[in-house]
Amino acid sequence: MQKRYAAILMFSAGVLSAPVGAVDTYSIDLRHTHPSYEIDHFGWSVQRGRFDNVTGTIVLDRAARTGSVDVRIEVSSVSTGVSKLDEHLKSEDFFNAAKYPTIDFKASKIAFNGDAPSSVPGEMTMLGVTKPVTLNITRFTCGQHPMLKKEVCGAEASATIKRSDFGMTKYVPALGDEVKLLINVEALKQ
């Protein structure tokens, strides 16, 4: 009888001491996630484009104030609103979608400021070149989705890269080398 109570107490202690909901995994919502970019166009204007096909997961460990990110962007989903420009961007002059069909971003940690993520130091792979890139989070919020009845988290993040660092050198420096990345993301808890 004492062995039975001891076993129950040990089981209860183990259950009660386990972190409850400490690590949450979220899947990127394709309908509400469209990374975009801004680039100086020969000094005349700032041109913008976005990518319409993004997949990936975000893991948040709020108790430990960290997490991870694994995101894949399909290059062929680049969209500027001008179909001929989209085709040129997919060519060997720029993204070379036939040879390098994805842009990947991976991070094994997330930096927090208090209870909210503040930056994501990771690595971006584009045109077969991997470089460190830190996404700075300017907005982050989570809550219950009113229609899906699931928790959803949303964020706004940004970073600036040099496209030449990844081997994209066509028209540099006349067409800007610095590219501002603007990332809006919504992700559903699994």
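Tabulated values for the structure
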| item | result |
| --- | --- |
| Selection from the stretch 103-129 of residues that are in a strand (DSSP E or B) and either exposed (fewer than 13 other Cβ atoms within 10 Å of the Cβ) or out of contact with any strand residue (DSSP E or B) (no Cβ under 9 Å at 6 or more places or on another chain) (or both) | Asn113, Val129 |
| Pair list, Cβ under 6 Å, 6 or more apart: the stretch 16-39 residue under 18 Å from Lys180 (Cβ atoms) and assigned to a strand (DSSP E or B), other residue modelled with pLDDT under 75 and among the hydroxyl-bearing types (Ser, Thr, Tyr) | none |
| Every residue from the stretch 60-102 that is among the acidic types (Asp, Glu), outside any loop (DSSP other than H, G, I, E, B) and more than 28 Å from Lys189 (Cα to Cα) | Asp86, Glu87 |
| Qualifying positions in the stretch 112-158 - touching a residue at least 24 places away in the same chain (Cβ under 8 Å), touching a Cys at 6+ places or on another chain (Cβ under 9 Å) and farther than 17 Å from Thr66 by Cα | Glu151, Val152 |
| All positions within the stretch 130-187 that are of a type in the set (Ser, Thr, Tyr), touching a strand residue (DSSP E or B) at 6+ places or on another chain (Cβ under 9 Å) and part of a loop (DSSP other than H, G, I, E, B) | Thr169 |
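The values are calculated or read from the model by the stated rules, or taken from the named source; none is laboratory data. Please read all numbers here as calculations on a predicted model, not as lab measurements. Methodologically, a virtual Cβ is constructed for each residue, glycine included, from the backbone with ideal geometry; neighbour enumeration extends over all protein chains shown.
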